[in-house]
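The values are calculated or read from the model by the stated rules, or taken from the named source; none is laboratory data. Worth saying up front: this structure is predicted, and the values here are computed from it rather than measured. All Cβ positions, even for glycine, are placed from backbone atoms using ideal geometry, and neighbour counts span all protein chains on display. With ligands, DNA and RNA removed, areas are computed over all heavy atoms of the protein, side chains included. Shrake-Rupley method; radii C 1.70, N 1.55, O 1.52, S 1.80 Å.
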Amino acid sequence: MSQQEALERIETAAWEGSTELDLSDLGLTALPPEIGQLTQLTELDTKRNKLTSLPPEIGRLIQLIDLNARDNQLTELPPEIGRLTQLTRLNVGDNPLISPPPEIVEQGVEAILAYLRDLGAGETPN
């Protein structure tokens, strides 16, 4: 199980117009940027991998309601997650997160999204 398996699942989900994608337990260290093609996704499960970061392309998943990134190696969440206005469930437990800090994470999804939006607002556009 690997990056190739993840790419195949992403391609299949894109082809089928799937709203759910399970990339858990694949031993991934990174999500392929192709994940950004799946703008119809409402649920994304990446738990129990070895992810050290999430790609900025995750910000394109504007229909996403549920993101499970539990039990990875994430140290920060990209500000692009702040764009996911439909997101109501975000599980980032069992990650060594530095940004957002633990006191923000403990407050829940709304606090995390607000933190990431503030972070993103300080960046200069490309």
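Structure notes:
- Those residues of region 72-82 which are open to solvent by 20 Å² or more (accessible area, probe 1.4 Å) and either touching a strand residue (DSSP E or B) at 6+ places or on another chain (Cβ under 8 Å) or without any contact (Cβ under 8 Å) to a residue 12 or more places away in the chain (or both), in sequence order: T75, E76
- Within region 1-14, residues that are more than 14 Å from N49 (Cα to Cα) and among the aliphatic types (A, V, I, L, M) have Cβ atoms under 6 Å from residues that are in a helix (DSSP H, G or I) and open to solvent by 50 Å² or more (accessible area, probe 1.4 Å) in these pairs: I10/E34; A14/Q37, counting only partners at least 6 apart in sequence or on another chain.
- Between L51, L26, L44, L21, the distinction of being surrounded by 17 or more Cβ atoms within 10 Å (Cβ to Cβ) and either of a type in the set (K, R) or over 12 Å from the mean Cα position of the chain (by Cα) (or both) belongs to L26 only.
- Of the listed requirements (1) of a type outside the set (S, T, N, Q); (2) open to solvent by 50 Å² or more (accessible area, probe 1.4 Å); (3) part of a loop (DSSP other than H, G, I, E, B), E8 misses just one: (3).
- Single unsatisfied condition, T85 versus (1) open to solvent by less than 70 Å² (accessible area, probe 1.4 Å); (2) closer than 21 Å to V109 by Cβ; (3) of a type in the set (S, T, N, Q): (1)
- Test for L116: is it surrounded by 16 or more Cβ atoms within 10 Å (Cβ to Cβ) and under 11 Å from the mean Cα position of the chain (by Cα): no
- Some residue of region 21-28 being among the acidic types (D, E), assigned to a helix (DSSP H, G or I) and at negative phi: no
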